[in-house]
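Since the structure comes first, as structure tokens, the remarks are kept for the end.
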Amino acid sequence: MNGFFTTEIIFKLSAIVALIILSAFFSGSETALTAASRSRMHALAKDGQKRAGLVGKLLESRERLIGALLLGNNLVNILASALMTGLMLSLFGDVGVFYATIIMTLLVLIFAEVLPKTYAITRPDDAAISVVRPVRVIVWLFAPIVNVIQILVNGFLRLFGVRSDAAHWSVADEIRGAVHLHTEEGRVDKDERDQILGVLNIGDLDVEDVMIHRKNLVMIDADLPTSDIIKQVLESGHSRLPLWQGDIDNVVGVLHAKDLLATISAANGDMDKLDITSVLRKPWFTPETTSALDQLKAFQKKRTHFALVVDEYGALMGVVTMEDIIEEIVGDIQDEFDEEVEGVKLAKDGSVIVAGDVPVRDLNRARDWDLPDEDAVTIAGLIIHESQTIPDVGQVFSFHNHRFEIMARHRNQITSVKVHKTRTT
């Protein structure tokens with residue numbers, strides 16, 4: 001036995017073991033550093049964790065980092081395989097090549113790949129912080145070779161029309177994907193998901209997408225008797241109401257319920273002394289193409305919450321409020337005058353009866369659906385867009401994994417739809 005384990009054999013076996021350990025280090029480091037979260041590293045660095053800051057700097061150049069680790073990993077694996085092959089040939093002759101292949105495959109697979117990578121993927125941040133200092137040295141040592149390799153790789157990729165420096169993703173898309181994934185895993189609940197996505201999506205919306213359409217507005221004729229105007233204000237349940245004169249598009253002012261109450265109080269309730277026009281606030285008009293985010297900033301700057309939306313011809317399209325925009329982020333803000341989900345009712349058969357003017361986004365949020373809202377704002381608009389017709393009562397359409405049955409229609413307007421989500425195959 002002592003004759004078998006000669007100094008040369010012991011030396012080669014020791015070298016192979018050392019190389020396998022190095023290979024495990026390279027493999028585990030690659031997995032840990034590529035799986036580590038840059039955002040968490042940034043947060044830890046701000047809290048004073050210096051090695052987390054070093055991880056962040058390494059991740060700024062992923063190509064150089066991965067190139068150095070792959071280079072080191074391949075060097076030690078090839079060297080270990082060469083030593084094992086030489087050792088097996090000296091002991092068993094030509095058949096030793098087969099033995100060396102089997103042994104090295106098992107050793108590398110188990111101890112240099114699966115084991116370290118499994119550990120690293122379960123604790124990527126901790127593992128990345130623990131290996132960052134030696135990896136920095138390795139990246140620095142291999143930098144010249146990696147740079148040459150990277151030039152060659154980029155050159156080959158360009159031959160096939162691929163640019164390695166082209167950005168094919170956005171931070172917003174990455175966050176959306178992470179939120180959806182964690183929601184499916186149960187780590188983020190629906191309300192949290194909706195609020196996060198609302199923040200991301202608000203920049204893609206115009207005031208046209210969030211406004212209250214003119215046909216749903218409560219507007220008051222300024223020429224009505226004062227008592228009638230007060231009655232309509234009280235019946236509306238709204239704090240701000242536009243007043244028009246002569247033509248509904250001719251809005252002469254906005255009446256605030258608080259101003260009206262102050263005027264009534266000052267007149268001691270005497271209607272004959274009231275002058276409604278004196279308390280009207282100047283209407284603020286905004287184009288329908290204004291970004292919802294820009295409108296929110298304008299509301300904050302002007303310190304007002306109410307604007308009238310007009311099209312390119314100056315015709316009144318609707319009204320947008322600060323609450324409408326904020327609801328796109330936090331969800332419906334309900335008061336004692338609101339329905340739980342206005343225009344959406346659950347039927348006994350599991351379908352949903354939806355008013356035609358309900359926004360697609362509101363229905364998606366209420367039912368946790370994913371109907372597209374890029375080409376149409378409302379459910380009626382979506383049906384017309386997809387069917388390319390104004391459907392009759394009783395017609396049924398199926399698209400986007402949902403079944404739509406037209407329940408009611410007034411002139412050319414779809415007023416009620418039964419929607420049922422179908423099973424996907």
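Key figures for this structure:
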{"item": "DSSP-assigned coil residues among chymotrypsin sites (Phe, Trp or Tyr not before Pro) in segment 2-57, each with at most 11 further Cβ atoms within 10 Å", "result": "Phe4, Phe5"}
{"item": "Members of Lys117/Lys190; Lys231/Lys282; Lys215/Lys297; Lys282/Lys345; Lys258/Lys301; Lys12/Lys117 lying beyond 29 Å, as alpha-carbon distances in this model show", "result": "Lys117/Lys190; Lys282/Lys345"}
{"item": "Low-density loop positions, chymotrypsin sites (Phe, Trp or Tyr not before Pro), segment 88-191 - DSSP coil, at most 14 other Cβ in 10 Å", "result": "Phe160, Trp169"}
{"item": "The chain: translational diffusion in µm²/s, Stokes-Einstein, Kirkwood Rh over Cα pairs, 37 °C, 0.692 mPa s", "result": "116"}
{"item": "Length released on extending from Asp221 to Phe98, taking residue separation times 0.36 nm less the Cα-Cα span", "result": "34.8 nm"}
{"item": "Neighbour net charge for Asn73 - beta-carbon separation under 12 angstrom, K R +1, D E -1", "result": "-1"}
{"item": "Thr378 long-range amide H proximity, modeled H, under 5 Å", "result": "Val360"}
{"item": "Met317 long-range amide H proximity, modeled H, under 5 Å", "result": "Val309, Val310, Asp311"}
{"item": "Residues whose placed amide H lies under 5 Å from that of Glu342, excluding near-sequence neighbours", "result": "none"}
{"item": "DSSP-loop GluC sites (Glu not before Pro) across segment 54-148, with at most 11 other Cβ within 10 angstrom", "result": "Glu60"}
{"item": "Exposed-loop-free span, longest in the chain, where trypsin sites (Lys or Arg not before Pro) count as exposed if DSSP calls them loop and at most 15 other C-beta atoms lie within 10 Å", "result": "1-162"}
{"item": "Helical segments meeting 30 Å axial Cα length and Kyte-Doolittle 0.5 threshold in the chain (DSSP H)", "result": "7-35, 62-92, 124-159"}
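Rule-based calculations on the coordinates, nothing more; no lab input. What you see is a predicted model, and the numbers here were worked out from it, not measured in a lab. All Cβ positions, even for glycine, are placed from backbone atoms using ideal geometry, and neighbour counts span all protein chains on display.
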